[in-house]
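Below is one structure; the comments refer to it alone.
The values are calculated or read from the model by the stated rules, or taken from the named source; none is laboratory data. Not measured: the values here are computed from a predicted model. Positions of Cβ are generated from backbone atoms using ideal geometry, with glycine treated the same way; all protein chains shown enter the neighbour counts.
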Amino acid sequence: MVNQQLLDYIKQQTQQGISKEQIKSSLIANNWEEQDIDEAFSLVPNFTDQSPAVSSSTSTQVDTLLPGATTIFSQAWAIYKQRFGTLLGIMVIPILITAISFAVLVGGEFLITGGIGLFLLLVILFFVIIPISQVWGQIALLYAIKDVQERIGIIESYRRGWRKIISYWWISLLAGFIILGGFLLLVVPGIVLMVWFSLALFVLVAEDLKGMDALLKSKEYIKGKWIGVLWRLFFIVAISLIISFISSFLFIVLKVPFGSKISNFIVGLFLTPLTMTYLFLVYRNLKSIKGEVVFAPNKGKKAIFIFIGILGTLLIPIMLFSTVFLNLNSAREKARDARRRADVTHIQLGLEIYYDKNNQYPFSLDELSPNYLLNTPVDPSTGQSYQYQLDQDSEDYTLCTQFEATKIQECNTSQSRSF
């Protein structure tokens, strides 16, 4: 309902050079009906999008300013409180599907006798049902935020989101590979690309642009506002980290079992809708400032990002291969070190048997075989005998071994036997 408070607010904002779209966004975020807002604008005498109280150049400058991070956050908080039940309900459904899937899996272990049947169940659950439910929930959340004025419910949000699942996946993969390729080219290009493409999913939901077009439209909105958007992204990330830290600290202080995991789950459940609302408002404000962006991406521009994406795609198997190779090499080193320790124990045992019979240690390890050792062990890497030296003065020996994993040489004497 239009009242004097609403009219005075619109007059005050227009006198400051704030655009109609920004005023409407702020009012809608504070639960005013769009119909009442439009009626109030029509009642404000001599209203124009550019206030007569300021010059045209000043108005244009103000109109192109992106609202501050705290302003956007307060608007997001207002929408979050207004739609809390719906947003939380959307978040809970994928969690329930995941929990039910695990329950079916546990029951399936006892119901399915064949190994192939259990394997197929695992594939269906972890590569089909659970991923689809997670992505579908994210899209439904975006629709509930985008269509806040319609006050659509949980079911309607999921219904509208169903047809965007594949597109959401594709955009996420494209952005991920391209950003990864940017980081491969050095860290800074990766950060630049990450900010450019941060609004692509909102472009998908709000404008029905898909694939590379959604990524490049996001870049066009952020063009000229990169630093401002980076700061606003940093702001919401910082808020999320602070809340997560406080929550984890409290659970640790209260000594709650599995406190860290429980804290992460709760914070993610309640914080994700607020974060997505905040990011959507960043997108909506940028779109309001830029207006209808003339968007005609050429093949050359797409080719550049595709090339960067290919770099990112190639980086994944390289990283996986490197990780597997390093882990395999490390395992081999540890296995050879274990062999060396066993060899040292074996040699020392032979030395003690030799000493018992000869009342002295041998001048070299070759004297141990075949009477005291069937075969004298050698280093598994070099095939050479272990370093052995007899000290004539102390009548004791020194047996040294170079270990691979620790890069440390260890020496043993009769006083430091390993058995």
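Some notes on this structure:
- Residue in region 252-266 that is modelled with pLDDT under 95 and in contact with a Pro (Cβ under 9 Å, 6 or more places away or on another chain) present: no
- Per-region count, region 134-170, residues under 18 Å from the mean Cα position of the chain (by Cα) and among the polar types (S, T, N, Q): 2
- Selection status of VAL256, surrounded by 17 or more Cβ atoms within 10 Å (Cβ to Cβ), in the same structural domain as VAL188 (by TED's automatic domain parsing) and β-branched (Val, Ile, Thr): no
- The residue list GLN387, GLN392 contains one member that is loosely packed, with under 13 Cβ neighbours inside 10 Å and outside the structural domain of LEU185 (by TED's automatic domain parsing), which is GLN392.
- Scanning region 342-365 for residues being under 18 Å from GLN415 (Cβ atoms) and assigned to a helix (DSSP H, G or I) gives a total of 12.
- Checking each residue of region 221-236 against the condition of being crowded, with 16+ Cβ neighbours inside 10 Å, in contact with a Lys or Arg (Cβ under 8 Å, 6 or more places away or on another chain) and modelled with pLDDT of 90 or more gives at least one match.
Matching residues to (1) closer than 17 Å to LEU279 by Cβ; (2) under 21 Å from the mean Cα position of the chain (by Cα):
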position	(1), (2)
ILE178	no, yes
GLY182	no, yes
GLY190	no, yes
TRP196	yes, yes
ALA206	yes, no
TRP226	yes, no
SER240	yes, yes
ILE243	yes, yes
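- PHE363 being surrounded by 10 or more Cβ atoms within 10 Å (Cβ to Cβ) and under 30 Å from SER172 (Cβ atoms): no
- Residue within region 45-64 that is at pLDDT 65 or above and not assigned by TED's automatic domain parsing to the domain that holds TRP226 present: no
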